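A.B. asks: One structure, as structure tokens, below. Some questions next.
The values are calculated or read from the model by the stated rules, or taken from the named source; none is laboratory data. Keep in mind it's a predicted model, so treat the numbers as computed, not measured. Here the Cβ positions follow ideal geometry from the backbone for every residue, glycine too, while neighbour counts run over all protein chains shown. These accessible areas exclude ligands, DNA and RNA; they are computed on the full protein's heavy atoms, side chains included. Shrake-Rupley method; radii C 1.70, N 1.55, O 1.52, S 1.80 Å.
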Amino acid sequence: MKMDGWRASARRILKLSSRPAPAPRFAPGRGNPARHGTIQRNPEFATINSDDISYFRDLLGEKNVIQDEDALLAANMDWMRKYKGSSKLLLLPRSTEEVSQVLKYCNSRCLAVVPQGGNTGLVGGSVPVFDEVIVNLGSMNKVISFDEVSGILVSEAGCILESLVNFLDNNGFIMPLDLGSKGSCQIGGNVSTNAGGLRLIRYGSLHANVLGLEAVLANGDVLDMLGTLRKDNTGYDLKHLFIGSEGSLGIVTKVSILTPPKLSSVNVAFLACTDYLSCQKLLLEARRKLGEVLSAFEFLDEQAMDLALNHLEGVRNPLPPALHKFYVLIETTGSDERSDREKLEAFLAHSMEEGLISDGVVAQDIQQASSVWNIREGIAEALMKAGAVYKYDLSIPVEKIYDIVEELRNKLGHLARVVGFGHLGDGNLHLNISCPQYDDAVLAQIEPFVYEWTSKHGGSISAEHGLGLMKADKIFYSKSPAAVQLMASVKNLLDPNHILNPYKVLPHSLSSP
């Protein structure tokens, strides 16, 4: 069915139901925090020498010790081309034992290490700051086991998320985590950053779904917490220290995760709203009337839609001809196709009668559903193609989420384009400032305003992307000094030489041993 036909059939459903009423490469420029020069290399860290190279070649094999400049260029730079390190060595271990031996040796030599997965992070957490050794787990990509009765999957950390999605799909299950970067990101990196994603509203965070993990500490000790039990109340639940620690406490090598069964009934609606208040009210109505079948509630503003239409190949406006102020994507997932469809239609009819929706479509097949999801998932790519982008991942009370977008838009005026989208069901705003090139004048208008505003309104400066290098020194906007000091104590205990992902997560004043 053509897009116009899809829209026509979708509109009929709404009308009848309402009766009787790859990222381009560009060099980082000005305004790039990686170039501010405020961070000094820790003088306690050693530099790589020929003896180190010989040791790693004997341990891993020559082909898994990478010194090629082209390969290192890709590993040294994040996918946004915003943060760039100068590592001279990339290691590709194939087992937990090899990771253990690598870290044991690096710790003895005080060689700093950056754990790396798919390198899809957005805060500079997955690339070196200086010349740290890169340890990439991409070769550790095996599914270890899957229990079809319990739905528990155990895999190595280097498995690409989309590969696990496909594996589970063939077995009648799904991953509780879904990300726009699923074709590149790795499950170990997802766990290490506590990635949120598109369906957290239904399945919760990785803290809720990861049952166990295996991690290698800085001294090479292997911490086996790879449990597969739903309940285990014996002592401290240490796995949670590593979920979201961004590789600063240990390298996650294996993961045990609870996966839900794949349900047969999936519906996707793409709706237009005239103002943000309508989006809020629509969320409340969705929680009440869709309840247990609601699996995603995403929003994007007019600026985000315009970017997607102009910079993404094959994307067409589902609600032509004009753009609307706001869009909401709603997905339901259940087991009874007829009942779920009727529930969605009743919700849409009520929402139209209340004036919460000004237009909308409901996907009639999987291709149409994918077309809608491609808009939402492609916004980050569209922003990259549009030029330089400053990205902020904020948790804010839902009623205040769009206030910061409007305030920053007024503050910046013609200097930049302010774009708002995100996981409205989770209170998670992706605030993006798009401009032709990085510019210190623009950055000075954005920071610290964004952090101060978020802190003032009881939000978090990192909802799901982590702190990395970008926000390590900003942690006090969201955490108390006592809490940060306790985090530093944990870091000192598990990594006394601070070799693991240095300069990240914690303030730089606390990043030296």
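A.B. asks: What number goes with the only condition from (1) at pLDDT 95 or above; (2) open to solvent by less than 40 Å² (accessible area, probe 1.4 Å) that LEU177 does not pass?
C.D. replies: So LEU177 meets the others, but not (1).
A.B. asks: Do any helices (runs of 4 or more DSSP H) entirely within region 286-384 hold 2 or more residues that are touching a Phe, Trp or Tyr at 6+ places or on another chain (Cβ under 7 Å), and if so, which?
C.D. replies: Fully inside region 286-384 and qualifying: 302-311, 366-377.
A.B. asks: If you check ASP440 against the conditions, is it under 22 Å from the mean Cα position of the chain (by Cα), open to solvent by 50 Å² or more (accessible area, probe 1.4 Å) and not assigned by the TED database to the domain that holds VAL191?
C.D. replies: no
A.B. asks: In region 227-245, how many residues are assigned to a loop (DSSP other than H, G, I, E, B), open to solvent by 20 Å² or more (accessible area, probe 1.4 Å) and within 21 Å of VAL135 (Cα to Cα)?
C.D. replies: Matching residues across region 227-245 total 1.
A.B. asks: Could you tell me which residue of region 250-277 is farthest from GLY138 (Cα to Cα), considering only residues that are among the hydroxyl-bearing types (Ser, Thr, Tyr) and open to solvent by less than 10 Å² (accessible area, probe 1.4 Å)?
C.D. replies: Filtering region 250-277 for residues among the hydroxyl-bearing types (Ser, Thr, Tyr) gives 253, 256, 259, 264-265, 274, 276.
Those left that are additionally open to solvent by less than 10 Å² (accessible area, probe 1.4 Å): 253, 256, 259, 265.
Numbers: THR253: 11, SER256: 17, THR259: 22, SER265: 34 Å.
Once the filter is applied, the top-ranked residue is SER265.
A.B. asks: Determine whether SER489 is among the hydroxyl-bearing types (Ser, Thr, Tyr) and either in the same structural domain as GLY378 (by the TED database) or over 21 Å from the mean Cα position of the chain (by Cα) (or both). So that I can check it myself, show each step before the final result.
C.D. replies: Values: among the hydroxyl-bearing types (Ser, Thr, Tyr): yes; either in the same structural domain as GLY378 (by the TED database) or over 21 Å from the mean Cα position of the chain (by Cα) (or both): yes.
Yes, satisfied.
A.B. asks: Continuing with this model, one more query. Using the structure shown, decide if GLY212 is in the same structural domain as LYS254 (by the TED database), assigned to a strand (DSSP E or B), over 24 Å from GLY124 (Cβ atoms) and small (Gly, Ala, Ser).
C.D. replies: Answer is yes for this residue.
A.B. asks: Looking at (1) under 28 Å from CYS435 (Cβ atoms); (2) over 24 Å from the mean Cα position of the chain (by Cα), can you tell me which one THR120 breaks?
C.D. replies: Tallying (1) under 28 Å from CYS435 (Cβ atoms); (2) over 24 Å from the mean Cα position of the chain (by Cα), THR120 fails exactly one: (2).
A.B. asks: Given the condition open to solvent by less than 20 Å² (accessible area, probe 1.4 Å), closer than 16 Å to LEU91 by Cα and among the charged types (D, E, K, R), answer yes or no: does some residue in region 125-137 qualify?
C.D. replies: Yes, there is a match, as at least one residue in region 125-137 is open to solvent by less than 20 Å² (accessible area, probe 1.4 Å), closer than 16 Å to LEU91 by Cα and among the charged types (D, E, K, R).
A.B. asks: Scan (1) open to solvent by 10 Å² or more (accessible area, probe 1.4 Å); (2) touching a helix residue (DSSP H, G or I) at 6+ places or on another chain (Cβ under 7 Å); (3) in a helix (DSSP H, G or I); (4) within 16 Å of ALA269 (Cβ to Cβ) for the single condition LYS411 breaks and write down its number.
C.D. replies: Against the list (1) open to solvent by 10 Å² or more (accessible area, probe 1.4 Å); (2) touching a helix residue (DSSP H, G or I) at 6+ places or on another chain (Cβ under 7 Å); (3) in a helix (DSSP H, G or I); (4) within 16 Å of ALA269 (Cβ to Cβ), LYS411 comes up short only on (4).
A.B. asks: Give me the pairs: first residue in region 346-364 and in the same structural domain as ASN317 (by the TED database) and open to solvent by less than 50 Å² (accessible area, probe 1.4 Å), second residue part of a loop (DSSP other than H, G, I, E, B) and β-branched (Val, Ile, Thr), beta-carbon distance under 8 Å, and six or more apart or on different chains, which are they?
C.D. replies: Going by the 8 Å Cβ cut-off, the qualifying pairs are LEU348/ILE357; SER351/ILE357.
A.B. asks: Do you know which residues across region 257-283 are within 30 Å of LYS239 (Cα to Cα) and in a loop (DSSP other than H, G, I, E, B)?
C.D. replies: Those that are within 30 Å of LYS239 (Cα to Cα) and in a loop (DSSP other than H, G, I, E, B): THR259, PRO260, LYS262, LEU263.
A.B. asks: If you scan region 471-504, which residues turn out to be open to solvent by 20 Å² or more (accessible area, probe 1.4 Å) and in a loop (DSSP other than H, G, I, E, B)? First the steps, then the outcome.
C.D. replies: Step one: filter region 471-504 for residues open to solvent by 20 Å² or more (accessible area, probe 1.4 Å), giving 473-474, 476-483, 485-487, 489-490, 492-494, 496-497.
If the condition is that a residue be open to solvent by 20 Å² or more (accessible area, probe 1.4 Å) and in a loop (DSSP other than H, G, I, E, B), then SER478, LYS479, SER480, PRO496, ASN497 are the ones that fit.
A.B. asks: Follow-up question, since we're still on this one. Read through the list (1) under 27 Å from LEU383 (Cα atoms); (2) crowded, with 23+ Cβ neighbours inside 10 Å, then give the number of the only condition that GLU156 fails.
C.D. replies: Status for GLU156: all satisfied but (1).
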